[in-house]
Amino acid sequence: MPRIAPTLFDSITRESVIRRVRFLRNAYRLDWLVEQACFNQPALDCLPDEQLGALLRDLETARECIAEGIPFEDADLIRSTADQLPDFDSA
């Protein structure tokens, strides 16, 4: 019998986090940050709890950057999604 991975969030907390992520994405035009986090995932709802929590923290940081005029690059929010691709270097 396969083991079920433990979760960080109960269903109510998970749904609250997803709603907050969607709110911040829409209110602050942070679609790119959500897309970055969901790279290789079919949808936001498919992110594991750890990645969902990290995304919410990044979105809150991005919101603060916007309010304080701090570039996203300075807050290390822009990451390469190429690192998540398979290694195609075969010689």
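The values are calculated or read from the model by the stated rules, or taken from the named source; none is laboratory data. Here the structure is a predicted model, which means the values were calculated and not measured. Cβ atoms come from the backbone with ideal geometry, glycine included; neighbour counts cover every protein chain shown.
The table below lists the values:
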item	result
Scope segment 23-41; condition in a helix (DSSP H, G or I) and within 11 Å of the chain's Cα centre (by Cα); matching residues	Arg25, Asp31, Trp32, Leu33, Val34, Glu35, Gln36, Ala37
Filter pass, Asn26 being at pLDDT 95 or above and more than 17 Å from Asp76 (Cα to Cα)	yes
Which listed residue is surrounded by 11 or more Cβ atoms within 10 Å (Cβ to Cβ) and outside any helix (DSSP H, G or I), from Thr7, Thr61	Thr7
